[in-house]
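The values are calculated or read from the model by the stated rules, or taken from the named source; none is laboratory data. Because the structure is predicted, anything quoted here is derived from the model rather than measured. We place every Cβ from the backbone using ideal geometry, glycine too, and count neighbours over all the protein chains shown.
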Ligand code: SF4
């Protein structure tokens, strides 16, 4: 898919999943989408299993609703690309359903991801997509998400922030709060911090040496 900036220059599309990663933690987004860091832990492995069924591209009818799994998504307007776990078509109106591990919760970054899918579906099909859902595998419950104006604006804002981050090619500082405990990249993230700190220490030591400051 070709995506063009306002200047007419061709730009790389952003993965929809990057919006969720960015709104969780910009550093996590950069580690995954700039540095291709993927660490497996028990949660990511369970996540792969949960997505195994929905990742295959399948079309079938369930109770008069057409269901497509693994549907490729794109938006030229927003410069987004990705894949939907499930899209239900209710009288041709798309209804995206994103599968998540764990019990039902109210995290906004998951809502941002499914709303971004909806904006892609609107552009692809020409139908308005007013709502969708997140399916939580452990509690086997659906959380319905209304794609109101506030959420739509948030998607646009985060998509622009992700593009700026990926263009800058810089690793942002960590959030250093309770999000880190649940983050699958905690080990790689901390290693890089230590590594960067060590590099800084060496640079300071070299500068001090050049300036004639005696070594401590
Ligand atoms: S460990 Fe914390 S700071 Fe590092 S990527 Fe994960 S959430 Fe962000």
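The set of residues in the stretch 166-178 being surrounded by 15 or more Cβ atoms within 10 Å (Cβ to Cβ) and away from the ligand (no atom under 13 Å from the Cβ) consists of 166 alone. Selection of the stretch 38-95 for residues being part of a strand (DSSP E or B) and at pLDDT below 65 yields 58, 59, 60. Residues in the stretch 144-165 that are outside any helix (DSSP H, G or I) and buried (at least 19 other Cβ atoms within 10 Å of the Cβ): 145, 147. Considering the stretch 125-135 alone, what residues qualify as being outside any loop (DSSP other than H, G, I, E, B) and surrounded by fewer than 19 Cβ atoms within 10 Å (Cβ to Cβ)? Across the stretch 125-135, the qualifying residues are 125, 131, 133, 135. Among the conditions (1) in contact with a strand residue (DSSP E or B) (Cβ under 8 Å, 6 or more places away or on another chain); (2) surrounded by 19 or more Cβ atoms within 10 Å (Cβ to Cβ); (3) touching a residue at least 40 places away in the same chain (Cβ under 8 Å), the only one that residue 76 does not satisfy is (2). Residues of the stretch 22-32 that are near the ligand (Cβ under 9 Å from one of its atoms) and under 8 Å from the mean Cα position of the chain (by Cα): 29 alone.
Do we find that residue 142 is at pLDDT 90 or above and more than 16 Å from the ligand (Cβ to nearest atom) in this structure?
Working: at pLDDT 90 or above: yes; more than 16 Å from the ligand (Cβ to nearest atom): yes.
Answer is yes for this residue.
Determine whether residue 118 is at pLDDT 95 or above, away from the ligand (no atom under 16 Å from the Cβ) and in a strand (DSSP E or B). Spelling it out, it is not the case that residue 118 is at pLDDT 95 or above, away from the ligand (no atom under 16 Å from the Cβ) and in a strand (DSSP E or B). None of 148, 201 is under 30 Å from residue 95 (Cβ atoms), modelled with pLDDT of 55 or more and over 18 Å from the mean Cα position of the chain (by Cα) except 148.
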